[in-house]
Amino acid sequence: MRTLIAQFARFGAVGAVGLVVDVGLFNLLRVTILTPEEVHGGPVWAKVISTSVAILVNWIGNRYWTFRKEVRRHPVSEGIEFVVVSLGGMAIGLGCLWISHYVLGYTSQLADNISANVIGLVLGTLFRFTLYRLWVFSPGRNTAPLRATEAAVHPAGIAPQLRVEAVAPVEDDLTVRP
């Protein structure tokens, strides 16, 4: 339980940095190049961009700090899984923003921030932490599975001390052929 609490605290610290990036960039974009008056769907596009940048920041922080002991797999596959889960969390925040802005008609900057960066953030954070812990950085997935040939030779998963590779026979015929 102590490990889970410490891990959640680190996750919160990384998330706080990501939050600053997300909220800061969202508001900067919303009041400059993606204002609702100038760009239809501006707040939604601002949120997509700001969250995408925050996802990158959060992946680096979570991979190398929060879940550093669980990181054992190739970073590309882990990064893809992280992005998939993060996009799910982003969809939750975007859904909250879209409902508030376009369905309920709350179009002020304050309403957009509350729906996307408070309600959406809380729901998205719970979703992301759960899936990061249980899937992306799961302690049970620390090691890569054995290849089929290794599993057949070493069914218990015990790696041999010495590996012998089979090689093709070498022909002794040194004649030159045209």
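Going from the fewest other Cβ atoms within 10 Å to the most, the residues Tyr106, Tyr132 appear in the order Tyr106, Tyr132.
When Ile33, Ile5, Ile55, Ile49 are arranged by Cβ crowding within 10 Å, least crowded first, meaning fewest neighbours, the order is Ile5, Ile33, Ile49, Ile55.
Counted by neighbouring Cβ atoms within 10 Å, the residues Thr125, Thr32 run from fewest to most as Thr32, Thr125. Computed 3J(HN,Hα) for the range 6-20, one whole-Hz value per residue from the Karplus formula 6.51 cos²θ - 1.76 cosθ + 1.60 where θ = phi - 60°, is 5, 5, 5, 5, 5, 4, x, 5, 5, x, 5, 5, x, 5, 4, glycine and proline marked x. Once C-alpha pairs closer than 8 Å and six or more residues apart are averaged by separation and normalised to the residue number of the range 2-148, the relative contact order reads 24 percent. Placing unit charges on each Cβ (+1 for Lys and Arg, -1 for Asp and Glu) gives the range 3-144 a dipole about its Cα centre, and among Trp135, Gly18, Ile114 the Cα reaching farthest toward its positive end belongs to Trp135. Modelled spin-label separation between Arg68 and Leu110, with each label point placed 7 Å from Cα along the Cα-to-Cβ direction: 4.2 nm.
Read the figures in this text as sums done on the coordinates, not as results from a lab. Given the structure is predicted, the values throughout are model-derived calculations rather than measurements. Because the Cβ atoms are built from the backbone with ideal geometry, glycine has one as well, and the counts that use them run over all protein chains shown.
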